[in-house]
Amino acid sequence: MNELLQAALSGQRRAIARLMTLLEDDAPGARELLASLYAHTGRAHLIGVTGAPGSGKSTLVAQMAREYRRRGLTVGIVAVDPSSPFSGGALLGDRIRMGALSGDGGIFLRSMASRGALGGLARATDNVVSVLDACGFQRILIETVGAGQTEIDIARTAHTTLVIQVPGMGDDIQALKAGILEIADILVLNKADHEGAEQTLAILRAMLALRAAPEGWPLPLIRTVATTGEGLPQLIDAIEGHVAYLCQGGHLEAHERRRAAWELDALLREELLRRLRAQVGEGRYEEMVERLAARQLDPYAAANELLRARPLP
Ligand SMILES: Nc1nc2c(ncn2[C@@H]2O[C@H](COP(=O)(O)OP(=O)(O)OP(=O)(O)O)[C@@H](O)[C@H]2O)c(=O)[nH]1
Ligand SMILES: [Mg+2]
């Protein structure tokens, strides 16, 4: 087996980081590495943490890591969109360091820039998660800013998805209406020390009560103060409850099948598109885009024409 892979699997931190970088850059040999890696994955429990900018995700993730370490579990952390400029939040790495967890070999943190990841952020995240999983980290926390597609993609990756809400009406409740409840396995009201927390809690409870009676997993609502660690044992208990739930009755297998199909479809879509575009030629493709933009064609007609197109002689 590849030396670097061996070193990473035996827990050498520099090797783990280097392996992640190779995969991120899609360096020569990356595909083979990923293939060897894959056989070692499938043991970690993946936990997605999503919510609006500044809702306290990084602070919460640092506290979750601390609580898991107390319980003797190792933790990998992936920060997909570290601190948006407008929230005033610190980088997750800073929070981990502040929490004096950085010297702990049972924690591995990787930050990912959302720009420029080859093959898209979701795939890059999957690769980092695979490395952490293969290297034996038992719980993997994935922080993403709730901003549409990314959070949905991460929810597909994660076994357990936490949706973070904060006190206050308006946008937060709008986000819930926009279907975020569908991806949540656990709802968290963070900043429960803020004014209006009780009111928001009441609204959230009412919304949960209004939902069609869920079969199986009853979506829990946990209140936390990430800055002090209040509510963290309850949050980790809820996550572990979900782990236990998934392990019964084939839920985990169903989740893995959905995820596998989704990953395969994503790769096929990309490759088929690449082949089709190569076949029709960039010129004709661009021409079709122009005609579409000029409303000379509708999207279905344009797609059909390209699908029927034969390579130019
Ligand atoms: N009062 C209070 N402040 C909190 C709480 N949780 C987080 N904060 C503060 O809220 C700010 C943003 O926290 P972050 O953890 O950086 O939030 P984030 O969601 O990771 O932010 P982005 O990654 O930038 O989207 C920081 O100043 C935190 O100290 C909480 O429960 N109560
Ligand atoms: Mg953050």
Could you say which residue among E286, E256, E290, E230 is at pLDDT 90 or above, under 29 Å from V163 (Cα atoms) and either open to solvent by 60 Å² or more (accessible area, probe 1.4 Å) or within 16 Å of ligand 2 (Cβ to nearest atom) (or both)? E230
L235: passes all of (1) loosely packed, with under 12 Cβ neighbours inside 10 Å; (2) part of a helix (DSSP H, G or I) but (1)
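Does E215 satisfy the condition of being open to solvent by 90 Å² or more (accessible area, probe 1.4 Å) and in contact (Cβ under 8 Å) with a residue 24 or more places away in the chain? Full working, then the answer.
On the way: open to solvent by 90 Å² or more (accessible area, probe 1.4 Å): yes; in contact (Cβ under 8 Å) with a residue 24 or more places away in the chain: no.
So E215 fails the test.
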Under 8 Å between Cβ atoms, which residue pairs at least 6 apart in sequence (or on different chains) link something in the range 289-311 that is over 20 Å from R275 (Cβ atoms) with a partner that is among the charged types (D, E, K, R) and surrounded by 13 or more Cβ atoms within 10 Å (Cβ to Cβ)? L297/R291; L297/E305
If you go through the range 189-205 one residue at a time, how many are of a type in the set (G, A, S) and surrounded by 18 or more Cβ atoms within 10 Å (Cβ to Cβ)? 2
Scan of the range 293-304 for residues that are open to solvent by 60 Å² or more (accessible area, probe 1.4 Å) and assigned to a helix (DSSP H, G or I), ordered by number: A293, P299, Y300, N304
Go through the residues of the range 62-79 one by one and say whether even a single one is more than 15 Å from ligand 1 (Cβ to nearest atom), closer than 21 Å to A122 by Cβ and either under 18 Å from the mean Cα position of the chain (by Cα) or of a type in the set (V, I, T) (or both). yes
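The values are calculated or read from the model by the stated rules, or taken from the named source; none is laboratory data. Predicted, not measured: the structure shown is a model, and the values here were computed from it. Backbone-built Cβ (ideal geometry, glycine too); neighbour counts: all protein chains shown. To get the accessible areas, we keep the full protein, side chains included, count just its heavy atoms, and leave off ligands, DNA and RNA. Shrake-Rupley method; radii C 1.70, N 1.55, O 1.52, S 1.80 Å.
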